[in-house]
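What follows is calculated from the coordinates using simple rules that are stated; it is not laboratory data. Here the structure is a predicted model, which means the values were calculated and not measured. Note that each Cβ is placed from the backbone with ideal geometry, even for glycine, and that neighbours are counted across all protein chains shown.
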Amino acid sequence: MDVASGLASVRANIARACARAGRDPATVRLIAVSKTKPLSMLQEAAAAGQRIFGENYAQELREKAEALPGVEWHFIGALQTNKAKLVVGRAALIHTCDRLALAQELSKRAKAAAMVQRVLLEVNVGREPQKAGVLPADAGRLLDQVRALPALSCEGLMCIPPAEGDPRVHFRALRELASGLRVAELSMGMSADYEVAIEEGATLVRVGTAIFGERRR
């Protein structure tokens, strides 16, 4: 996979999706999901102008952030409380805050570092028992709890819709939930469905395979 070509194709698709939705492409930020990818591929993407990368594993984020400075890192994977220390301060935005205990640990780590950590709440839009994420009905309560913490700033919501069925209904539900909660950022859409997500209001799309090719593991 030629990384620069993959990026160009994804950017063109983003522009077309924005045109269909009557949106300014500048309102959508592309996160290049680089989990398990070698540093050389990230360097290719950076050379082609990509400035935001998303990692799923705390240790991998730490290693890559040290090796590739000058870009913005987002954490987009499930986060164990005991790994929070590896992510706070390295990730400009943590997309997967889904429970109070994790929020409290993130805030504690951020406060110790004299900073405010930006987060999104992960919402289990499909109410799937095997998936992480706060249930939609409980999102408002968790948002209030996060906002009460001294060193976190919750900027919006994130979701991964069910693998089966039309993702549009879930993206729309997340957009409506965010509107009701008065948060602005919507992290939704991956390689298979990011254009639909943009049509439904995504401000952040998480694209890996369409840029870097299939995962190695």
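Taking all Cα pairs closer than 8 Å and separated by 6 or more residues, the relative contact order of the stretch 3-212 comes to 22 percent. Exposure proxy shown here: for M41, M115, the number of other Cβ atoms within 10 Å sets the order, fewest to most, as M115, M41.
Averaging over all projection directions, the Cα-based convex hull of the stretch 1-61 occupies 4.5 nm² in the image plane. With the helix formula -39500 (n - 2.57) applied to DSSP H stretches of n ≥ 4, the chain reaches a computed 222 nm mean residue ellipticity of -12000 deg cm²/dmol.
Here the stretch 93-114 and the stretch 132-164 have alpha carbon centers that stand 12 Å from each other. Across every direction, the projection of the convex hull enclosing the Cα atoms of the stretch 130-172 has a mean area of 3.8 nm².
Kirkwood radius, the chain, all distinct C-alpha pairs, inverse of mean reciprocal distance: 17.4 Å.
Cross-link reach is defined here as a Cα-Cα straight distance under 17 Å, omitting same-chain residues fewer than 8 places apart; for K64 the aspartates and glutamates meeting it are E44, E55, E72.
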